[in-house]
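Structure, as structure tokens:
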Ligand SMILES: Cc1cc2nc3c(=O)[nH]c(=O)nc-3n(C[C@H](O)[C@H](O)[C@H](O)COP(=O)(O)O)c2cc1C
């Protein structure tokens, strides 16, 4: 079998963070906005764009994500003891960029707050409102789990996908999937 150029299997046991980032970039992730309650009226609520969101456990019902230890948003969510995961749609690239870039106008998007005070973007695809259930050290990140207290689907739509440093969208089911359609991740 021939190896694609540029992908070395000979690391001699020493794998750098930049190599991990480059190779892991071939694995697609979804993109979510993790939000929390505003600390004071009129203050922008904490929010961070996250690609490491995952469903963790069905019994108990847990989800998780990995905030960097350098994140200034995670300590605010930790202090609140709760967070809400907003699953972004492919048409929310500008919203994602605005939050990732710390745009002062980022909260000029339609949203409501959950019963526990975290923002749910009205144009998100789905949301999970959580209580912080656990936090484990994981190198330069934390692995955070949340017990899901409420959740919902807002609309059907193609999710925003992040792959090889770029955004795209999911454009169909796999040939071997239940839907029996062809699969593709396409740029947006
Ligand atoms: C597509 C995408 C995925 C990201 N995923 C994560 C992630 O899983 N964990 C994380 O800590 N930061 C992630 N970031 C970076 C954060 O959005 C943010 O820039 C970082 O947490 C520092 O911001 P803060 O200090 O305001 O928290 C991601 C950014 C982008 C654009």
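Read-outs: derived from the displayed coordinates by stated rules, not from any lab. Computed from a predicted model, the values in this text were never measured in an experiment. Neighbour counts are summed over all protein chains in view; Cβ atoms, including those assigned to glycine, are modelled from backbone coordinates with ideal geometry.
What the Cα atoms of the range 1-112 give is an Rg and a Dmax of 17.7, 61 Å.
Taking all Cα pairs closer than 8 Å and separated by 6 or more residues, the relative contact order of the chain comes to 22 percent. Take the Cα of residue 136, go 7 Å toward its beta carbon, and the backbone nitrogen atoms of the range 26-62 under 16 Å from that spot belong to 53-62.
Over all pairs of different C-alpha atoms in the chain, the reciprocal of the mean inverse distance, the Kirkwood hydrodynamic radius, equals 17.9 Å.
Rounded to 0.05, the FRET efficiency of the residue 91 and residue 21 pair, given R0 = 35 Å and the Cβ-Cβ distance, is 0.80. Here each label is just a point 7 Å from Cα along the line to Cβ, and for residue 71 and residue 14 those points are 3.1 nm apart.
Among 146-154, 51-59, sorting by the average number of other beta carbon atoms lying within 10 angstrom of each residue, highest first, gives 146-154, 51-59. Estimated at 0.36 nm per residue, the fully extended path between residue 40 and residue 79 surpasses their Cα-Cα distance by 12.7 nm.
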